[in-house]
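Let me begin by presenting the structure, written as structure tokens, before commenting on it.
The values are calculated or read from the model by the stated rules, or taken from the named source; none is laboratory data. Keep in mind that what you see is a predicted model, and the values were worked out from it rather than measured. Don't worry about glycine lacking a Cβ; one is built from the backbone with ideal geometry, like all the others, and counts go over all protein chains shown.
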Amino acid sequence: MKTTITIILISAFSLMANKSSYSQYEFEDFVGIWEGYISSESFDGYNDPMTMIIEEDGFYTETSGHLMPTIYPNTQESEFDAETNRYHWWYLKTVYAGQYFYQHFFYEIVYFENDTLEMHYNYWDDEVPHPQVGTIFLVKQTTVSIDENSPFDNRERRLVRVVDIMGRETSPDTKGQILVFQYDDGSSEKKFIR
């Protein structure tokens, strides 16, 4: 009896530890513009490009049409559930006899690091998600501003020297050889002069 209780407690603690590790993500981590694709082997084998925009209030838009309403625009919402490690999208799909029905999609986070996100379909919170039913792979867009006084502005680069493939300096007009043109910004180009 004591062994059985110990095993049950160890199992319970390990499950709680696994579920608590999901709390490393928050809804705010998903807010932004994402580029990637959505695919499914089970439903006609599609693999469509997708741009997903998730706003701070949970409202979302996406370009593939797989997670968006066709009839009732502006009814789509989303949320992240840290306890189940699933992202949830829903929208108003149809009206039948005066009743509204919502379409729901749940995808489990299987990879989320360095603004790269992969999710697999998991509607019922199964132990193992179902990538063959649905996979979403997205990379978050980031904006980088460039300082106007940056040394890497759009100035023209200057040719520093020309060398052959053996590293010997040569004339840029040398014909019949592969030449390497080296520039003052550190870049280089290989050219074959006929």
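Some notes on this structure:
- Residue check, Glu79 more than 21 Å from Pro131 (Cβ to Cβ), at pLDDT 85 or above and either more than 16 Å from the chain's Cα centre (by Cα) or surrounded by 11 or more Cβ atoms within 10 Å (Cβ to Cβ) (or both): yes
- With respect to the conditions (1) at pLDDT 80 or above; (2) closer than 30 Å to Thr51 by Cα; (3) loosely packed, with under 12 Cβ neighbours inside 10 Å; (4) not hydrophobic (A, V, I, L, M, F, W, C), Asp173 falls short on a single one, namely (2).
- Single residue of Ile71, Ile109 found to be assigned to a loop (DSSP other than H, G, I, E, B), of a type in the set (A, V, I, L, M) and either modelled with pLDDT of 90 or more or at negative phi (or both): Ile71
- Restricting the first member to segment 156-181 and to residues that are free of Cβ contacts under 8 Å to residues at least 24 places away in the same chain, and the second to residues that are loosely packed, with under 13 Cβ neighbours inside 10 Å and acidic (Asp, Glu), the beta-carbon pairs closer than 6 Å and six or more apart or on different chains are Arg161/Glu169; Val163/Glu169; Phe181/Glu189.
- Set Gly45, Gly36: member being among the small types (Gly, Ala, Ser) and either surrounded by 12 or more Cβ atoms within 10 Å (Cβ to Cβ) or within 23 Å of Phe101 (Cα to Cα) (or both): Gly36
- Residues that are touching a Ser or Thr at 6+ places or on another chain (Cβ under 6 Å), farther than 17 Å from Phe43 by Cα and assigned to a strand (DSSP E or B), drawn from segment 112-139: Val139
- Criterion (under 17 Å from Ile136 (Cα atoms) and either assigned to a strand (DSSP E or B) or touching an Asp or Glu at 6+ places or on another chain (Cβ under 9 Å) (or both)) met by exactly one of Glu79, Glu56: Glu79
- Of Ile178, Ile193, Ile165, all but one fail to be in contact with a Phe, Trp or Tyr (Cβ under 8 Å, 6 or more places away or on another chain) and at pLDDT below 85; the exception is Ile178.
- For segment 84-133, a tally of residues being touching a residue at least 60 places away in the same chain (Cβ under 8 Å) and within 16 Å of Trp34 (Cα to Cα) returns 3.
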